[in-house]
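The values are calculated or read from the model by the stated rules, or taken from the named source; none is laboratory data. Keep in mind the model is a prediction, meaning the values are calculated, not measured. Here Cβ is always computed from backbone atoms with ideal geometry, including for glycine, and neighbour counts include all displayed protein chains. For accessibility, only protein heavy atoms count, side chains too; no ligands or nucleic acids. Shrake-Rupley method; radii C 1.70, N 1.55, O 1.52, S 1.80 Å.
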Amino acid sequence: MDRTTVRHGAAPRVALIAHDGRKHDLTEWATFNRGKLARCDLVATGTTGAMVAGATGLPVDLLLSGPLGGDAQVGAMLVDAKLDLIVFFWDPLTSQPHDVDVKALLRLAVLYNVPIACNRASADFLISSPLFMDAAHLVHRRAERATSPTTP
């Protein structure tokens with residue numbers, strides 16, 4: 001996919017991911033923030049997305065389960081400048097069979113300057129920012145990310 005292809009719609013594109021022990025937390029967070037998330041394009045890894053869609057009634061584009069490649073699919077969307085925010089509730093105390101994908105996703109979010117929330121507090125701060133729903137800001141950031149990643 002060509003990185004210069006940028007979505008110019010005004011709705012933020014948000015990826016939702018949660019490890020098994022945090023799926024309930026993410027579902028609660030999404031339910032609490034349903035009003036704001038209803039104005040977003042949502043994409044999520046398999047089980048997490050199904051849980052969020054079931055609890056909120058919101059449409060969610062489902063990817064594969066995280067261990068089966070869903071985390072990598074989110075990473076590819078990130079690299080292709082197709083995400084504005086990642087909400088990734090992960091368990092830092094539990095080893096995951098796909099830890100390499102988890103680390104890669106975190107690394108890519110930093111490299112491509114895409115906000116990533118790893119807990120409820122940071123997710124709340126990010127979606128409550130006035131810039132989160134600002135269409136001009138989103139278009140500018142998408143174009144910036146499509147040109148090149150942040151250089152260290």
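Kindly indicate the residue of the stretch 106-127 that is touching a residue at least 40 places away in the same chain (Cβ under 8 Å) and open to solvent by less than 30 Å² (accessible area, probe 1.4 Å) and also nearest to R142 (Cα to Cα) among those meeting that condition.
Residue satisfying both the conditions and the ranking: I127.
Residues of the stretch 93-152 being of a type in the set (G, A, S), out of contact with any strand residue (DSSP E or B) (no Cβ under 7 Å at 6 or more places or on another chain) and closer than 16 Å to C40 by Cα, which ones? Show your work before the answer.
Of all residues in the stretch 93-152, those of a type in the set (G, A, S) come to 95, 104, 109, 117, 121-123, 128-129, 135-136, 143, 146, 148.
Filter again for out of contact with any strand residue (DSSP E or B) (no Cβ under 7 Å at 6 or more places or on another chain), leaving 95, 104, 121-122, 128-129, 135-136, 143, 146, 148.
Those that are of a type in the set (G, A, S), out of contact with any strand residue (DSSP E or B) (no Cβ under 7 Å at 6 or more places or on another chain) and closer than 16 Å to C40 by Cα: S128, S129, A135, A136.
In the stretch 128-151, which residue that is open to solvent by 50 Å² or more (accessible area, probe 1.4 Å) and in a loop (DSSP other than H, G, I, E, B) is modelled with the lowest pLDDT?
So, considering only residues that are open to solvent by 50 Å² or more (accessible area, probe 1.4 Å) and in a loop (DSSP other than H, G, I, E, B), the one modelled with the lowest pLDDT is T151.
Which of the following residues is modelled with pLDDT under 95, more than 25 Å from N113 (Cα to Cα) and not basic (K, R): D2, D20, D71, D80?
Sole residue among the options that is modelled with pLDDT under 95, more than 25 Å from N113 (Cα to Cα) and not basic (K, R): D20.
Run P92 past the list (1) of a type outside the set (K, R); (2) open to solvent by less than 20 Å² (accessible area, probe 1.4 Å); (3) without any contact (Cβ under 8 Å) to a residue 40 or more places away in the chain and report the number of the one that doesn't hold.
Among (1) of a type outside the set (K, R); (2) open to solvent by less than 20 Å² (accessible area, probe 1.4 Å); (3) without any contact (Cβ under 8 Å) to a residue 40 or more places away in the chain, the lone unmet condition for P92 is (2).
Criterion first (closer than 19 Å to M77 by Cα and modelled with pLDDT of 85 or more) does R107 satisfy it?
yes
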